[in-house]
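The structure appears below as structure tokens.
Coordinate-derived values only; no laboratory data. All values derive from a computational prediction rather than experimental measurement. For neighbour counting, all protein chains shown are included, and Cβ atoms are generated from backbone atoms with ideal geometry for every residue, glycine included.
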Amino acid sequence: MATTSLGMPVKFYQVGSFAVGNRLVDPALRSVQSGQERANALTSGHRACQGCGEALGARYVLDAAMRASQGRMVTVNATGCLEVFSTPYPETSWRVAWLHSLFGNAPAVATGVAAGLRALGRDDVTVVAQGGDGGTVDIGFGALSGMFERNDDVLYVCYDNGGYMNTGIQRSGATPPAARTMTTQAVGAEPGNVFGQGKDVPRIAMAHDVPYVATATVADLRDLEAKVTHAMSLRGSRYLHVLVPCPLGWGTASSDTVKVARLATESGFFPVFEAEHGVVTAVRHIRHRVPVEEYLRLQGRYAHLFRPERRDDVIARLQAIADRNIERYGLAGPVAALEVGPVGRAGALIEEGAAPGARVREV
Amino acid sequence: MLQQVEGSKAVARAVAACRPQVVCAYPISPQTHIVEEISRMVKAGELPGCEYVNVESEFAAMSGVIGSCAVGARSYTATASQGLLFMVEALYNVSGMGLPIVMTVANRAIGAPINIWNDHGDTMSQRDSGWLQLYAADNQEAADLHVQAFRIAEELSVPVMVCMDGFVLTHATEAVDVPDVGSVDAFLPPFVPRQVLDPDAPVSIGAMVGPEAFTEVRYLAHRRQLDALTVIPRVANEFAQHFGRTSGGLLHPYRTEGADLVVVALGSVLGTLQDVVDAQRSQGVAVGAVGLTSFRPFPYDAVRTALAGAHRVVVLERALAVGVGGIVAADVRTALVGTGVEQVTVVAGLGGRPITTASLGAMIGDAVAGRLPELTFLDLDHAVVDRELGRI
């Protein structure tokens, strides 16, 4: 049973995001963001849109990585929103060593950074690379696959908002079917992005047999922190794919970013899981399953499925994708009882004997 | 010590003597022998402290050395032709960020039609990429230029391309005095980067720069290139003092004194050209040659001085600006503005076609007689082109 620092049983309360409040948790288990010693790796003053999921995700990822590496970390960034909104010369929002080179080469640059650090005998410094879905699954994919294949010592984080949002919302290989983008417009007999295309990079990463692959969303930030922390405890190529809603591109309210991300997982449309050496080791079970329609309805990019006439056929095809995810990953498993073992977050267990901030595992 | 060695191996060993810390490379002919030899040395433990990374493309090769150079590791790669073009986006990135990477380009034609043989079309296409470009006349100079290139690159914080003719030099075995580690250590200090990616002093490298400062950034890059016009000859002089032989510099005049006609060229053709100049001189023809080592930066003043006494200049090009003609010729023309020196362009040796002493002798004869038109394609098979033109 989890106890407070005074030995009292923890009475958990839940906030809207299902995160467990920090106040009553053992200090060692508190979130990175709750601590005053957090790195503020991506600090305030940047120019991201209101409600930007990528800014939120990057902040949590890098602060967790900074804590895990005790500040011994450098970052490599692909071109994209994250790079543009954070570093308009002469300003920068990065409080970590940060290098941006090109759109399609972040994994290869990270490979070189890791090789350079090794050659210089700086084995204590770790490398985190990051990019959007365009930079990761499309233009940078060859470099990413090369990095995986060589098992270069890099944690690569993809912030997936399902399109080229920085250039004005065009389709990428991660844009879901039926979604409206400026290059898959809501016109014609099959409005929006076509079915039967797109790349599932977490699974492709697993096929490279890399030590660690995980997906996460900005709806479950403790889970995201825990996965970053675990990834940072490993060496070799690690891949983290984070779903980050984009209010501009998705046509969602800025205040709904976390809610939309949660519906993506609760509907099964975006599976949240972990894999080691190509084998799924843990999944985040759906707690309150919702039809995919609830996820779609909040998003302007799917508005054409509801008006001028309702497209039940298309909604059913999207539901089928969610159903397949649920089956493939076993997302509909039982929800853990909260009062079991030392709890890091609702429905999750800290591994027995694990260090503070260590990985969280679903039961 | 002189050794009988293939050009690629001479370069590989010269690079190794410079103690590179990261080498990222991807195979492409005719460059491959260089990185094969370096990878062997790394694997055999002959190059301690060096990481060799087998990457999946030339774009990744250049991107990898961007990363390694940014953390302060001396970084090297090599490529040719299509490989150079595949890394173009990264090339501009390197020069924009002022990363002192050294790269060998084993000069090779660009397709289509696919052609693995030598010309300068690949590096000439990167004329404006912001890299310094030094052209080797022979394998001794190719080896020596790499040692100088690291000095120049790291002193100015600019990238340097050492260009050597594919096959003609890379695969030719001749006697080369390969610089050894001890001598290079005395000449080339350890790499101290101007800016470094370091968790102890975190900086943001590669920020977005808008209209308010972009011109200034480009201007400073321009100034660094101009500074190279001073640094290149100084480093060549210091090299001569350390190693007891002359290599590099901006250009090499050959028997230009009293020459009415001077042929300007780059790369391995200079050996052939000097033989032809000797033969012509022995017959009383007042001809000389200027070998251009530094094409970027272009040494306008040195070229004007070297050509000052000539009445006529032939720029012998191993590349072609389609629809225009010469590439080097345009810069030579700028250097000669106001001098009244006549200038013509001869495009030769494309896609590996040999440039023979006979053809050069005939070319010089025509030039002296004033019979060379503004643009000539040496040894062009007129029957073939006329037939094809007739079909259109």
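Of all DSSP beta bridges in the range B:215-292, what percent run antiparallel (nearest 5)?
So the antiparallel bridges amount to about 45 percent of the total.
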(request) Rounding to the nearest 20 debye, state how big the charge dipole of the protein assembly as shown is about its Cα centre with +1 on each Lys and Arg Cβ and -1 on each Asp and Glu Cβ. (result) 1920 debye
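Can you sort A:Ile286, B:Ile110 from fewest to most other Cβ atoms within 10 Å of each residue's own Cβ?
On the way: A:Ile286 21, B:Ile110 18.
Going from least to most buried by this count: B:Ile110, A:Ile286.
Under 1.5 on a/c is rounded, so check that first for the range A:197-318, then, if it is not, pick prolate when a/b is larger than b/c and oblate when it is not; a ≥ b ≥ c are the square roots of the alpha carbon gyration tensor eigenvalues.
Numbers: a/c = 2.36, a/b = 1.89, b/c = 1.25.
It is prolate, given that a/c is not under 1.5 and a/b is the larger ratio.
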(message) Within the range A:91-122, list the residues whose amide N lies under 20 Å from a label point set 7 Å along Cα→Cβ of B:Val192.
(response) A:120-121
(request) Would you calculate, for chain B, the mean residue ellipticity at 222 nm contributed by helices, counting each DSSP H stretch of 4 or more residues as -39,500 (n - 2.57) and dividing by all residues, to the nearest 500? (result) -12500 deg cm²/dmol
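Give the shape of the range B:1-154 as rounded, prolate or oblate, defined through the alpha-carbon gyration tensor: a ≥ b ≥ c are the square roots of its eigenvalues, a/c under 1.5 means rounded, and otherwise the shape is prolate if a/b is larger than b/c and oblate if not.
rounded
Let me spell out the model: positive unit charges on the Cβ of Lys and Arg, negative unit charges on the Cβ of Asp and Glu, origin at the Cα centre of the range B:2-243. What dipole size does that give, in debye rounded to 20? If you can, show how the numbers build up before the last one.
Values: 14 positive and 27 negative charges, 43 e Å.
So the magnitude is around 200 debye.
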(request) Please name which of B:Thr272, B:Pro159, B:Tyr254 has its Cα lying farthest along the dipole of chain B towards the positive end, using unit charges on Cβ (Lys, Arg +1; Asp, Glu -1) and the Cα centre as origin. (result) B:Tyr254
(request) Highest first, please rank the peptides B:329-339, B:19-29, B:76-86 by the mean number of other Cβ atoms sitting within 10 Å of their residues. (result) B:76-86, B:19-29, B:329-339
(message) Just checking the output field for A:147-159: average partner chain Cβ neighbours within 10 Å of each residue's Cβ?
(response) 1
(message) Only sites in a loop by DSSP and with at most 10 other Cβ atoms within 10 Å count here; which GluC sites (Glu not before Pro) in the range B:236-323 make the cut?
(response) B:Glu257
(message) Just to confirm a number: summing +1 for Lys and Arg and -1 for Asp and Glu over residues other than A:Arg311 whose beta-carbon lies under 12 angstrom from that of A:Arg311, what do you get?
(response) -2
(request) Please give, to one decimal in nm, the separation of the simple spin-label points placed at B:Thr215 and A:His288, each 7 Å out from Cα toward the Cβ. (result) 5.9 nm
(request) Using a cut-off of 15 Å between beta-carbons, work out the net charge of the residues near A:Arg95 (Lys and Arg +1, Asp and Glu -1, A:Arg95 not included). (result) -1
(request) Just check the protein assembly as shown against the gyration tensor rule for me: Cα atoms, a ≥ b ≥ c as the square roots of the eigenvalues, rounded for a/c under 1.5, and otherwise prolate or oblate depending on whether a/b exceeds b/c. (result) prolate
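Suppose R0 equals 41 Å; then what is the FRET efficiency for B:Thr357 and A:Glu149 from their Cβ-Cβ distance, rounded to the nearest 0.05? Provide the component values of the computation, followed by the final result.
Numbers: r = 50 Å, r/R0 = 1.21.
Efficiency at R0 = 41 Å is approximately 0.25.
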(message) Using Cβ contacts closer than 10 Å as the measure, can you line up A:Ile169, B:Ile34 from fewest to most?
(response) A:Ile169, B:Ile34
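When the gyration tensor of chain B is built from Cα positions, what are the square roots of 5 times its three eigenvalues, in whole Å, from largest to smallest?
Ellipsoid semi-axes (Å, largest first): 35, 23, 22.
How high is the FRET efficiency from B:Arg333 to B:Glu257, r the C-beta distance, R0 30 Å, rounded to 0.05?
Working: r = 23 Å, r/R0 = 0.77.
So the FRET efficiency works out to roughly 0.80.
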(request) Work out the length of the dipole vector of the range B:251-391 about its Cα centre, built from +1 on the beta-carbon of each Lys and Arg and -1 on the beta-carbon of each Asp and Glu, and round it to the nearest 20 debye. (result) 160 debye
(request) Neighbouring Cβ atoms within 10 Å as the yardstick, rank A:Val242, A:Val260, B:Val162 fewest first. (result) A:Val260, A:Val242, B:Val162
(message) Of all beta bridges DSSP finds with both residues in the range B:2-243, what is the antiparallel percent, to the nearest 5?
(response) 20 percent
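Output the direction-averaged projected area (hull surface divided by four) of the convex hull of the alpha-carbon atoms of the range B:279-392, in nm².
Details: hull surface 33.8 nm².
So the mean shadow area of the Cα hull is 8.4 nm².
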(message) Relative to 2.2 N^0.38 Å, what does the C-alpha radius of gyration of chain A come to as a ratio? Two decimals please.
(response) 0.96
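Can you give the mean number of other chain Cβ atoms that lie within 10 Å of the Cβ atoms in peptide A:84-92?
Details: counts 2, 1, 3, 6, 5, 9, 4, 3, 6.
Partner-chain Cβ atoms within 10 Å, mean over residues of A:84-92: 4.
When you look at the Cβ of every residue in B:210-216, what mean number of other chain Cβ atoms sits within 10 Å? Don't skip to the end; give the middle numbers.
Values: counts 2, 0, 3, 2, 1, 0, 0.
Average per residue, whole number: 1.
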(request) Please name which of B:Phe298, B:Thr357, B:Leu372 has its Cα lying farthest along the dipole of the range B:258-392 towards the positive end, using unit charges on Cβ (Lys, Arg +1; Asp, Glu -1) and the Cα centre as origin. (result) B:Phe298
(request) Project the alpha carbons of the range A:74-188 onto their principal axes and report the range along each, largest first, in whole Å. (result) 59, 37, 16
(message) Report for the protein assembly as shown the percent antiparallel among DSSP-assigned beta bridges with both residues inside it, nearest 5.
(response) 30 percent
(request) Please give the net charge around A:Glu266, taking every other residue with its beta carbon less than 11 angstrom from that of A:Glu266, where Lys and Arg add +1 and Asp and Glu add -1. (result) +3
